[in-house]
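Here is the structure we will look at.
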Amino acid sequence: MYFKVNHSGCAERKGLCQVRYDLFLDPGDHNYSEHYVEVPVIPEGGYPGEVDKIDGSPIDQKDHDEWFSGLRKEWQNNPFCCHFVYHGPEVSDEEILKAGEDVLKMGYENHVKDSLYLNKNEPVAFSADSTKIQSCKDRVATIKTTDFEALKEAKVK
């Protein structure tokens with residue numbers, strides 16, 4: 001099993017740096033087959049047929065279904081859990097990686113028990129301090145450009 005920092009879920013939130021960790025299973029892990037799934041590859045532009053101008057639904061559902069069933073498919077490993085952790089603006093890259101390892105351990109233990117609702121963070125104190133908020137925004141900007149996969153690999157070696 002492994003984790004990835006998902007940059008789309010990283011943001012400043014009430015004076016803290018929110019970091020999203022996506023947790024993945026490896027073959028042989030509990031319920032791996034439920035998260036390793038075959039999905040259609042939607043081409044850029046999506047469905048080429050006529051769609052409703054208000055809600056975007058296909059006008060001809062049968063045509064859409066035939067188009068959809070004919071799409072190429074690929075295998076994809078979906079996360080078994082997505083977890084958010086809040087850090088102060090001074091958080092180091094190493095601390096972000098350590099938190100990911102801790103979240104992965106906790107998440108997998110609860111996943112095996114089918115009890116992901118037990119995943120909990122330490123309580124945090126949010127802040128309305130504008131200086132702290134700006135510091136978090138600055139730190140989040142660097143988090144979003146950091147290749148944590150490369151850092152994990154370097155740490156392992």
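The values are calculated or read from the model by the stated rules, or taken from the named source; none is laboratory data. Source: prediction; values computed, not measured. Counting neighbours? That spans all protein chains shown, and the Cβs are built from the backbone with ideal geometry, glycine included.
Filtering the range 22-36 to residues that are assigned to a helix (DSSP H, G or I) and either surrounded by fewer than 13 Cβ atoms within 10 Å (Cβ to Cβ) or in contact with a Ser or Thr (Cβ under 9 Å, 6 or more places away or on another chain) (or both) leaves 33, 34. Taking the conditions (1) surrounded by 11 or more Cβ atoms within 10 Å (Cβ to Cβ); (2) out of contact with any helix residue (DSSP H, G or I) (no Cβ under 6 Å at 6 or more places or on another chain) in turn, residue 49 satisfies each one other than (2). Just one of the listed residues (19, 39) is surrounded by 12 or more Cβ atoms within 10 Å (Cβ to Cβ) and either at pLDDT 95 or above or assigned to a strand (DSSP E or B) (or both), and it is 19.
Does residue 72 satisfy the criteria of being under 25 Å from residue 144 (Cα atoms), basic (Lys, Arg) and in contact (Cβ under 8 Å) with a residue 12 or more places away in the chain?
Details: under 25 Å from residue 144 (Cα atoms): no; basic (Lys, Arg): yes; in contact (Cβ under 8 Å) with a residue 12 or more places away in the chain: yes.
No; evaluated as a whole, the condition is false for this residue.
The single condition among (1) surrounded by 16 or more Cβ atoms within 10 Å (Cβ to Cβ); (2) under 17 Å from residue 21 (Cα atoms); (3) in contact (Cβ under 8 Å) with a residue 40 or more places away in the chain that residue 106 does not meet is (3).
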